[in-house]
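In what follows, a structure is listed as structure tokens, so that the remarks can point back to it.
The values are calculated or read from the model by the stated rules, or taken from the named source; none is laboratory data. This structure is a prediction, so every number in the text was calculated from the model and none was measured. Quick reminder, even Gly has a Cβ in these numbers, built from the backbone with ideal geometry, and neighbours come from all protein chains shown.
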Amino acid sequence: MVNFVASILDKLCALVGHRKRVFLVLGMVIISGSVLVLRQSTTLAASIHFTTPTPWLAYADPLGQETAAPVIAAVFDSLTEVDANGRVIPALATAWSVSSDKKVWTFGLRTNVVFSDGSPLDADAIVDCLRFILGPETKTFGNTFFTEGIVSARTTGSHTLEIQTRDVDARFDRKMARVRIFSMPAFKRLGRAEFAKSPVGTGPYRPESWPNGGRGVVLTAVPTSWRAPEQVDRVEILYVPDATIRLQALLSGATDIAHGLDPDSLALVERSGFKTAITPGSVVLAIALHTTGDAAAPLSDPRVRVALNMAIDRETISRELLLGTMEPATQIATPGILGYDPTIPLYTFDQNQAKRILAEAGYPDGFRMSALMFTGQTPGDHLVYQLVAQYLAAIGVKFDIQTFPISEHLRRRANGAWDGIDATASTWSHYTLGDLSRAAEQFSCLSPVSTFCDRDVADLILQSNSEMNPATRENLLKTINRRYQELAPSILLFRFSVIDGMRSRIEHFPQATSKIYFEKVRVSGP
């Protein structure tokens, strides 16, 4: 066990880059169950150590996949931001408006903003960045969706700019929250690969080093940033995929925050004198039902898909397996997301009714389904899928599960390679825009690789995307939500939550899905 903890300390010291930055004084070793608790002191009062299960540390490339990673958000800013409640709020832009034809957006910029190298940010800097992003060499997967509708960008003053879109786009201000602004002179000087290692943005931190080939990062404060850190001037992050190792690192005092713990570790963390926090996100965990193939297949009938949803006892799974850390999903949207509708009728757990519906649909004896599931991405996911299979078996549906890596899932999804597969692990993710439209698009005829297609719903989505009246658009999104509840293109499971364990010195740790506000973290004591 001593060697185990030593290995954790070695990893964290390697993360920092050199041992003289961390002074650990190991006191009496106390055995509590199977956990080795080590007393420590540290000179880094304004520093935090953070372990994460998510491999989003592969350098700070502002042109990467959706640029949604917490490290990216700590280094760069966007014109706007979507908060945890789905609202579009100011970021580099403090105000914006749209022309009468709804195709020219004018942004007024925050003044006195500088990049981390001290150079000023003004309208010219943003327009230069946008024009480069719109160029052919940067048409990456992550940027296409957010920028493909832009026709041109130009300055209209030192701190004002105009962006013209090809079509009326009701989501444009939301899309701008995903387009990171960076220093073009530095990017041109370094090239994309080196810039990702030594990026120049306007955020509160800059990477000091990338230990372990990008599997760790040390962020240091940029005091000149317009959102300079309130207290923490150094964030040391290590990618640790194993939840048990993250837990042991916390209990040994080797890390301040263990991100993404399992539900069954909560009691031990609290009993050992540490804090816990459960943060519900804007992602619904689900199982996508493949309905676009054989029109005579059981899943082509919406009654069958509703019956499958009625067969699952989400409340019991949430309470007994997930210990109440993840709420049962009631619809495709989550509270706070534009389009969420608390009045939507729920899928009531009723296996007798589910059997009756299957019989009416022509399947009194049930049927067989082939499912591909990636595991290890959310707490207890493999056990959840096994329980789902048991619940479905109770209504005569044989749910044959095969597991595979997330990389294989992404490959198949990109190519629509689902031959012979009836169901796959999936999500309704709303954090990119703060409304349900993008997730709805991905579960619709508008996506070439969608597992579900209903033309009427697709038309409603397109209508909502160009509806500039906020109240009318919200009602359209709620209508779309209701239609998906009726058509049941997926088996809804749970609203994803992040479980964190923290040392008592962490007083405030704000976060939203895919974003951690390190600059607002508050600590007390060593």
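For every residue, the table says whether it meets (1) under 25 Å from SER466 (Cβ atoms); (2) in contact (Cβ under 8 Å) with a residue 24 or more places away in the chain; (3) in contact with a strand residue (DSSP E or B) (Cβ under 9 Å, 6 or more places away or on another chain); (4) among the hydrophobic types (A, V, I, L, M, F, W, C).
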site: ILE89; (1), (2), (3), (4): yes, no, yes, yes
site: SER97; (1), (2), (3), (4): yes, no, yes, no
site: VAL127; (1), (2), (3), (4): no, yes, yes, yes
site: LEU130; (1), (2), (3), (4): yes, yes, yes, yes
site: ILE150; (1), (2), (3), (4): yes, no, yes, yes
Output yes when any residue across the stretch 117-125 is surrounded by 14 or more Cβ atoms within 10 Å (Cβ to Cβ), charged (D, E, K, R), farther than 19 Å from MET176 by Cβ and assigned by TED's automatic domain parsing to the domain that holds ILE163, and no when none is.
yes
Criterion (touching a strand residue (DSSP E or B) at 6+ places or on another chain (Cβ under 7 Å) and surrounded by fewer than 23 Cβ atoms within 10 Å (Cβ to Cβ)) met by exactly one of VAL218, VAL235, VAL222:
VAL218
Within the stretch 291-301, is there a residue that is touching a Pro at 6+ places or on another chain (Cβ under 8 Å) and in a loop (DSSP other than H, G, I, E, B)?
yes
Please specify each residue of the stretch 480-491 satisfying the condition of being buried (at least 20 other Cβ atoms within 10 Å of the Cβ) and either at pLDDT below 95 or in contact with a helix residue (DSSP H, G or I) (Cβ under 6 Å, 6 or more places away or on another chain) (or both).
ILE480, ALA488, ILE491
Of the residues that make up the stretch 92-103, is at least one more than 27 Å from the chain's Cα centre (by Cα), at positive phi and small (Gly, Ala, Ser)?
no
Spot the failing condition for SER407; the list is (1) surrounded by 16 or more Cβ atoms within 10 Å (Cβ to Cβ); (2) under 18 Å from the mean Cα position of the chain (by Cα), and only one is missed.
(1)
Restricted to the stretch 220-238, and to residues that are assigned to a loop (DSSP other than H, G, I, E, B) and hydroxyl-bearing (Ser, Thr, Tyr), which residue is farthest from ILE72 (Cα to Cα)?
THR224
Within the bounds of the stretch 145-158, is there any residue that is among the hydrophobic types (A, V, I, L, M, F, W, C) and under 26 Å from PRO204 (Cα atoms)?
yes
Selected residue (criterion: nearest to THR513 (Cα to Cα)) from residues of the stretch 270-279 that are out of contact with any helix residue (DSSP H, G or I) (no Cβ under 7 Å at 6 or more places or on another chain) and not polar (S, T, N, Q):
ILE278
Does SER426 satisfy the criteria of being modelled with pLDDT under 95 and either among the polar types (S, T, N, Q) or assigned to a strand (DSSP E or B) (or both)?
yes
Answer yes or no as to whether VAL284 is hydrophobic (A, V, I, L, M, F, W, C) and either in a strand (DSSP E or B) or touching a His at 6+ places or on another chain (Cβ under 8 Å) (or both).
yes
Going through the stretch 492-508 one residue at a time, which ones are part of a strand (DSSP E or B) and basic (Lys, Arg)?
ARG495
Only one of SER447, SER466, SER437 is under 14 Å from ILE332 (Cβ atoms), at pLDDT 85 or above, among the hydroxyl-bearing types (Ser, Thr, Tyr) and not assigned by TED's automatic domain parsing to the domain that holds THR144, namely SER437
Residue match in the stretch 194-209 (condition: on the phi < 0 side of the Ramachandran plot, buried (at least 17 other Cβ atoms within 10 Å of the Cβ), β-branched (Val, Ile, Thr) and not in a loop (DSSP other than H, G, I, E, B))
no
Residues of the stretch 132-167 satisfying the condition of being of a type outside the set (A, V, I, L, M, F, W, C), at pLDDT below 95 and surrounded by 13 or more Cβ atoms within 10 Å (Cβ to Cβ):
THR138, LYS139, THR140, GLY142, ASN143, THR147, GLY149
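Name the residue that is farthest from TYR340 (Cα to Cα), counting only residues in the stretch 438-459 that are over 23 Å from the mean Cα position of the chain (by Cα) and assigned to a helix (DSSP H, G or I).
Across the stretch 438-459, the extreme among qualifying residues is ARG455.
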